[in-house]
Amino acid sequence: MLEGLHRAGSGEDLISEGDPVDSVRVVLSGWLCRYKTLEDGRRQIVNFIFPGESCDAHAFLLSVMDHSIATMTPVVYSEIKRARFENLMASDRSLAEAFWCETLVSAAIQREWATNLGRRVALERVAHLFCETFERLRPVGMVDGNSCVMPVTQMDLADATGLSVVHLNRTLQELRASGLIILRERTLTIPDLDALKDAALYSPSYLQPYRAAEATR
């Protein structure tokens, strides 16, 4: 199904807002983000993209992209051209349902991120992002015990939570001082996941497909 491997370094745009879309990209390794940029250069990250996920399934139904997708680490991905993708969707119902399920859960994640930015305070926002990342990485085998990789910068975390870097740094210090997280050498350790979920007002119900995938691993 996949049509050739491609590689990109950290900090590269795979596709920019306004670009035409003629293929679906499937991430094999590395982290990416979806983002929007204001005219004055301020950036809002609106979602992370992890291995096993697609960058833009069904986006080719639109004339151009309405947001940009950038790498946060070196990545390996594959592309499926539009004609090939449409044939696969028409011939394999299970595959089509899997991609539509991913689209639906991506929309659920967007709703949760909107709630994060609109209603949660800084500590809740950051704690919620860590809980979600941990839950999304588990089904793809990227969690080791109570630890997972966290290879992103504080600027990335600030742009994902709508905080200044200074405020983000203070919030991380507060989470550390409370014993809720250990963040060291690009690794996030969560000593008590339930306690972090309580601090974040986190409910995992919107990630049901990820939890189902984990149960079948």
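No lab work stands behind these numbers, since they all come straight from the coordinates. What you see is a predicted model, and the numbers here were worked out from it, not measured in a lab. Don't worry about glycine lacking a Cβ; one is built from the backbone with ideal geometry, like all the others, and counts go over all protein chains shown.
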Exercise. Quick one: helix 82-91 against the long Cα principal axis of the chain, what's the angle to the nearest 10°, folded into 0 to 90?
Worked result: 90 degrees
Exercise. Of all the C-alpha pairs in the range 11-164, what % are more than 21 Å from each other?
Worked result: 47 percent
Seminar exercise, completed: Taking the dipole of the chain about the Cα centre (Lys, Arg +1; Asp, Glu -1; charges at Cβ), the one of Ser10, Ile190, Val76 that reaches farthest to the positive side is Ile190
Problem set entry | Dipole magnitude (debye, nearest 20) for the chain, charges at Cβ of Lys, Arg, Asp, Glu | 340 debye
For this session: For a footprinting-style exposure proxy, rank Trp31, Trp100 by other Cβ within 10 Å, fewest first.
Result: Trp100, Trp31
Problem set entry | Helix 122-137 vs. the chain, principal-axis angle (Cα, 0 to 90°, nearest 10) | 50 degrees
Problem set entry | Packing rank of 111-121, 37-47, where each peptide gets the mean count of other beta carbons within 10 Å, highest leading | 111-121, 37-47
Exercise. Rounded to a whole number of µm²/s, how large is the Stokes-Einstein D of the range 5-91 at 4 °C and 1.567 mPa s, given Rh as the Kirkwood radius over C-alpha pairs?
Worked result: 97 µm²/s
